[in-house]
Amino acid sequence: MDWTNLKIAWADDAPVYLQLSNYFFARISAGELREGDALPTETALCAMLGISRSTVRQAFQMLEDEGVIVRKKRVGTRVCKPKLKRNINNLYNFTTQIQALGLAPSSRVLSFTTVHPPLKIAHALHLSSGETAFRIERLRMADGEPLLMETAYIPTRICPTLSREQLNDSLYATIKECSGSSPQEAVEIYEAVTLSKRDAELLHMRAGEPAFRIQRISKNTSGEIFEYCVELARGDRNKLQIVLKNSGVQYSRVL
């Protein structure tokens, strides 16, 4: 990689670390630096620009905080995959959002059973005594990379003919086709958690690494609660976006 155009504007009011961070961020954003490309070492940048190691580290820390580089011992500093932005102002649909990013969504079904859900979930789904639900555990992927794991409970009366084979595609589209009702609204609760060994292995991470735990209860256009779902989304590949306004936004903070 040619770094000859990397220069510091000493007369500029912007701090040196910010100039350095902005330079690399601009090249990554423009696609000139791609996933896996190596950035110069701290030693090389110090010698090239006549700056201190602490300045380089401050610039790299900014880039790491933005989620565009990763630093590892014996590997160096490299451009990483950008995090996927999850807009939580609208009803979330994994398949639709991944396709909008130009990626190929896919699912791996881990389990599909008919169960009597735990009491908490049965109450959330408004199930009658003895009523059953499908328990669906899936790994959701983009271009073959696992991004989240979900465990969903769907009342069997909503879609009695649901089969394992249908779960490789959009579950919401399948439910709409089966029941005639579309997802209308959902309530979600977000928590920061650390991954268990089993969940980490499925998500290609290490046990104890951070993730988002997202609990969702969804209603359809008929006013029925048709889904209770818990997702584990990789903390290193997901970020959340919410738009706050003076009016029109309802939210609660769960402590």
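One line per residue, one yes/no per condition, for (1) charged (D, E, K, R); (2) more than 26 Å from Ala152 (Cα to Cα):
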{"site": "Trp10", "(1), (2)": "no, yes"}
{"site": "Ser21", "(1), (2)": "no, yes"}
{"site": "Ile28", "(1), (2)": "no, yes"}
{"site": "Glu35", "(1), (2)": "yes, yes"}
{"site": "Leu49", "(1), (2)": "no, yes"}
{"site": "Val109", "(1), (2)": "no, no"}
Looking only at residues in the stretch 118-142 that are among the small types (Gly, Ala, Ser) and under 26 Å from the mean Cα position of the chain (by Cα), which one is farthest from Glu165 (Cα to Cα)? Ala124
All positions within the stretch 18-58 that are farther than 22 Å from Pro82 by Cα, hydroxyl-bearing (Ser, Thr, Tyr) and buried (at least 16 other Cβ atoms within 10 Å of the Cβ): Thr55
Only residues in the stretch 47-61 that are at negative phi count as the first member; pair them with residues that are among the acidic types (Asp, Glu), Cβ under 6 angstrom, at least 6 apart or cross-chain, and list the lot. Arg53/Glu42; Val56/Glu42
For the stretch 134-165, give me the residue count where each residue is free of Cβ contacts under 8 Å to residues at least 24 places away in the same chain and touching a Lys or Arg at 6+ places or on another chain (Cβ under 9 Å). 0
Which of the numbered conditions does Asp169 fail, given that it passes all the others? Conditions: (1) touching a residue at least 40 places away in the same chain (Cβ under 8 Å); (2) within 23 Å of Gln99 (Cβ to Cβ); (3) surrounded by 15 or more Cβ atoms within 10 Å (Cβ to Cβ). (3)
For residues that are closer than 18 Å to Glu145 by Cα and touching a Leu at 6+ places or on another chain (Cβ under 6 Å), scanning just the stretch 208-231, find the one that is surrounded by the fewest Cβ atoms within 10 Å (Cβ to Cβ). Glu209
In the set Ser52, Ser21, Ser29, which member is more than 27 Å from the chain's Cα centre (by Cα) and of a type in the set (Gly, Ala, Ser)? Ser52
Are there helices (runs of 4 or more DSSP H) fully within the stretch 36-133 with at least 3 residues that are within 18 Å of Glu145 (Cβ to Cβ) and of a type in the set (A, V, I, L, M, F, W, C)? List them. 94-100
Quick check: anything in the stretch 118-130 crowded, with 16+ Cβ neighbours inside 10 Å, in contact with an Asp or Glu (Cβ under 9 Å, 6 or more places away or on another chain) and not assigned by TED's automatic domain parsing to the domain that holds Pro183? no
Out of all the residues in the stretch 144-173, which are over 17 Å from Leu232 (Cβ atoms) and either of a type in the set (Lys, Arg) or not in a loop (DSSP other than H, G, I, E, B) (or both)? Ile154, Pro155, Arg157, Arg164, Glu165, Gln166, Leu167, Asn168, Tyr172, Ala173
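The values are calculated or read from the model by the stated rules, or taken from the named source; none is laboratory data. Here the structure is a predicted model, which means the values were calculated and not measured. Reconstructed Cβ throughout: ideal geometry from the backbone, glycine too, with neighbour counts over all protein chains shown.
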